Amino acid sequence: MCFWIFSLISLLSFSQIEALYCPFGSFQVPNENVCAFAIPKSEYYHGAVRGCASRGAVVARVQNAFENAYFYALINSNFNNEAPYIGVEMQPNGNFWTYSDGSQLTYQYWAPGEPRNRSETNICVVVDPATALWKTADCTVPRPYFCTLLGNDGPCPKNWVYFATTKSCYYLQNTVYNAQTQHWFTYDFSQAESECQKSGAHLVSIHSTVENNFVYDLIGTNFDGSGSAVLAFTGWNGADACWANFAWIGLRGTGAKSNGIWSDGTPVDFTTVGTPIVEDYNWRVSYF
């Protein structure tokens, strides 16, 4: 029944709004509109490319001497002095080097004798942990790596919504339909909280009518309301795709003030529950 299909809402709070936002797990290169990840897990170069892409980034574009020196200073503490990959590649159609996204190099810091003549695998680049100079390297050797991307102008990650009243960012993970299995992907309360924590957040906590109305307005549905024959099996009495959809919030308790706790540890100082229930319960919000 669609009654048991849930979305989840995440809340990410900021103690101070910065001019540049970098994604969770990354850091800002000082005084630049650049965010970076230091990934200590050793990967082949193509694994590094995939690892950066999964974070919305590319293997590091080192664009100037300051960035090179900054990354170099991180090698010892992050990679135990192991030479990391950066995003510089030999192009297959000529003896020239570019960034991993194919753009022209704006900065180069080659060691003496580098770059060496092209070989079948020696077409990647690492930073020498002893000198900060660049050296060509075998792409099939597992190494740590840096990723970079441009930071956002706003205080929230991409696809999150900022609410100035609470100075917080909110994200709705809507329901997703799998056409192959003909099922909606669902979360229980623990799974939803776990997914939020992966983004450095928690299931939403609500502390005022204004915030409750804002959260309520965020909740939509991915369910088709057209009476589609394809989705009719998920419908209420088979008449439509779904009659209701809910989103988890971070409250476990009876629904009464001062009872239970929000998953982010804040006190239960607001409720819309008219008649609290007797036992603790995980709470959710309907989209209508």
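The values are calculated or read from the model by the stated rules, or taken from the named source; none is laboratory data. None of these values were measured; they are calculated from a predicted model. Cβ: placed from backbone, ideal geometry, glycine included. Neighbour counts: every protein chain shown. The area values use the complete protein model at the heavy-atom level, side chains included, leaving out ligands, DNA and RNA. Shrake-Rupley method; radii C 1.70, N 1.55, O 1.52, S 1.80 Å.
Round to the nearest 0.05 the FRET efficiency obtained for ASP269 and ASN31 when R0 = 51 Å and r is the Cβ-Cβ distance.
After rounding, the FRET efficiency stands at 0.80.
List the residues, sorted by chain then number, that are 5 or more residues from TYR145 or on another chain and whose placed amide H is less than 5 Å from its amide H.
Answer set, sorted by chain and number: ILE39, TYR85.
Quick one: Cα centre-to-centre distance for the stretch 27-83 and the stretch 249-287, in angstrom?
Computed from Cα coordinates, the inter-centre distance equals 42 Å.
Per-residue accessible area for THR209 at 1.4 Å probe radius, Å² rounded to 10?
We get 80 Å² for THR209.
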